[in-house]
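Colleague: I have a structure here, written as structure tokens, and I will follow up with some questions on it.
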Amino acid sequence: MTRARAARVTVAGELRDLVTLALPLCVGHLGHQFMAIVDTALLGRYGGASLAGAGLAGNLLFAVTVLGIGTIMGMDTLVPQSLGAGDSGRAREIFRSGIRLALIVSLPISAGVAAIALLLPHSGVEPGVAAEGAAFLFGRLPGIMPILLFATMRSYLQAHHVTRPMVIAVVIANVVNFVVDWILIFGDGGLEQLGLPGVGLPALGALGAGISTSAASLGSLAICAAAVRSLHRSQDAELAPARPAASTTGHARAIVRLGGPVGLQLVAEVGIFALTGYLAGTLGRMPAAGHQIALVLASFSFSTAIGIGAATSVQVGRAIGAGDTRAARRAGALGMVTGAGVMGACALCFLLFPRQLAALFTGDRALQDAAIPLLRIAAVFQLSDAVQAVSAGALRGVGATRFSFVANVIGHYAVGFPVAVLLGFALDMGAAGLWWGLSIGLTGVAVAQSIRFGVLTARPVERAAAS
């Protein structure tokens, strides 16, 4: 076999491994996004105040919890690198530290969400909307700790290429969420529509949607916990005797050191889209509604890029752990090309079928008309969005998480946001101008992260310290 032929076979094999890992991860992220869509659809049937309150509260909840989820993602560097080095024992130690960290972090996050729920009725938001938003947050409180524990187990399992349990978990979570949503949101009325007798259950509206999602989170956690136990049982015969407990000291600090910037990066991303949504709201009801429709669709397609980014992080991290920087570089490049290809297909859908997509959310042609220009702009930045998401995953695999945070802050807030304000207001382009600003910011982040990954992997990269 010639060297060129061998290289092609290697690349084909690595691409197959990447796709095999990424596909279930994409399904998992899409499934979680679908749960939010179901909540929105059912609350829309229940009442406008519940829909608006849960939407507002959900954005606030995500802005708080994403910091904890991002922090846990420091494991995305440490676990794959340990496995790449053939050190399953250290990977297990890091996992245990991640579990303890998730339990600790969940406490202040839960307290923050509870505080937001208590303050929301006094925030100046319309009373009915604020009351439903607070109820939704209280319903979600029991699910915060499971969300962080699930993120820990997901990071650990995907590093081992164990992904089937996560697909099963998200399917079951969606079934649980839909059924419990229906019953709790509508009460006895929902039971009767399912052909069941009433039991005196009141319609809980947004509170019911929050409780339903918490129940789904607990179910997902139980399935992943069983998968971790099964993985450990299969490893026990192969592992060397356990290290002394003192050897795990510092793993949690290493997770925070690497994951803290990821959490801040995610907060920066959430913040820029929330800020853009607020500015769109100041333009009037139609621009705000068009923005929301386009954002939901763009977020749904972005879930695939997140899955590919997670898979790329694993492949890059394993290669770094094995001391093969060239393979890490190749894995990162394959991930970015794959992400761009998938999101390119989404871009074509946005360009060719914008009205049909908008019609999934509203039959009002005026609202569709407001969303269509934004969907066309979203088509333009699909490639940038893909590359920035996957390159961030590649940098996590290397351990260069601080750069992604800095790139996001500069790209979105120093470049994209000023351009958005200039185009949207000074040049009177409205919501379209705001979205062009987002597009420019995303493109800047994608270019910067891609270059940084290329520079880092141009020379040998050492494993990140696990303690």
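Colleague: Starting from the Cα of D188, step 7 Å along the direction of its Cβ; do the same at H161; then give the gap between the two resulting points in nm.
Modeller: Spacing of the two 7 Å Cα→Cβ label points: 5.6 nm.
Colleague: Here's another thing I want to ask about it. Please compute the length gained on full extension between R16 and V270, using 0.36 nm multiplied by the number of residues separating them and subtracting their Cα-Cα distance.
Modeller: 88.2 nm
Colleague: Here's another thing I want to ask about it. Roughly speaking, what is the stretch gain from L352 to A322, that is 0.36 nm per residue apart minus the C-alpha to C-alpha distance, in nm to one decimal?
Modeller: In short, 6.4 nm is gained.
Colleague: Now a separate question. Take the alpha-carbon positions of the stretch 128-194, form their convex hull, and give its projected area averaged over all directions (one quarter of the hull surface) in nm².
Modeller: On the way: hull surface 23.6 nm².
Projected area, direction-averaged: 5.9 nm².
Colleague: Let me ask another. What is the calculated FRET efficiency for Y278 to A111, with r their C-beta to C-beta distance and R₀ = 25 Å, to the nearest 0.05?
Modeller: Using R0 = 25 Å, I get an efficiency of 0.45.
Colleague: Can you pull the Rg over Rh of the stretch 13-249, Cα-only, Kirkwood?
Modeller: My calculation of the ratio gives 1.04.
Colleague: If you don't mind, another one. Taking Cα atoms, how many degrees apart are the long axis of helix 88-119 and the longest axis of the chain, rounded to 10 and kept between 0 and 90?
Modeller: Value to nearest ten degrees: 20.
Colleague: What number, in percent, do you get for the relative contact order of the stretch 13-249 if the mean sequence gap of Cα pairs under 8 Å and at least 6 apart is divided by its residue count? Walk me through the numbers before you get to the answer.
Modeller: Numbers: 305 pairs, mean separation 63.5, N = 237.
Once normalised by length, the contact order is 27 percent.
Colleague: In addition: Can you give me the P(r) profile for the stretch 261-467? Cα pairs, bins 10 angstrom wide beginning at 0, each as a whole percent.
Modeller: Once binned at 10 Å, the Cα pair distances of the stretch 261-467 give 10, 34, 32, 17, 7, 1.
Colleague: If you don't mind, there's one more thing I want to ask. Could you rank the peptides 210-219, 411-420, 22-31 by their average count of other C-beta atoms within 10 Å per residue, with the highest value first? Numbers along the way, then the final one.
Modeller: Numbers: 210-219: 24.2, 411-420: 19.4, 22-31: 21.5.
So the order, starting with the most tightly packed, is 210-219, 22-31, 411-420.
Colleague: Please state the Cα pair-distance histogram of the stretch 57-191 with 10 angstrom bins from zero: what percent is in each bin?
Modeller: Result, from short to long distances: 11, 31, 31, 18, 7, 1 percent.
Colleague: In 10 Å bins starting at 0, how do the alpha-carbon pair distances of the chain split up by percent?
Modeller: All Cα pairs, binned at 10 Å, distribute as 4, 19, 30, 27, 14, 5, 1, 0 percent.
Colleague: Defining a contact as two alpha carbons under 8 Å apart and six or more residues distant in sequence, what relative contact order in percent does the stretch 374-456 show?
Modeller: Relative CO of the stretch 374-456 lands at 43 percent.
Colleague: Let me ask something else about it. Find the Rg to Rh ratio for the stretch 60-122, where Rh is the Kirkwood radius over alpha-carbon pairs and Rg uses the same atoms.
Modeller: 1.18
Colleague: Can you check what the net charge comes to around A327, using other residues whose Cβ is under 12 Å from the Cβ of A327 (Lys, Arg +1; Asp, Glu -1)?
Modeller: Charge balance near A327 sits at +1.
Colleague: Could you work out the relative contact order of the chain? I mean the mean sequence separation of Cα pairs under 8 Å and 6+ apart, divided by the number of residues, in percent.
Modeller: With pairs under 8 Å counted, the relative contact order is 21 percent.
Colleague: Which FRET efficiency, nearest 0.05, do R459 and I410 yield, Cβ-Cβ r, R0 35 Å?
Modeller: After rounding to 0.05, the efficiency reads 0.90.
Read-outs: derived from the displayed coordinates by stated rules, not from any lab. Bear in mind the structure is a predicted one, so any value in this text is a computation, not a measurement. Heads up, the Cβs are rebuilt from the backbone with ideal geometry, glycines too, and the neighbour counts pull from every protein chain shown.
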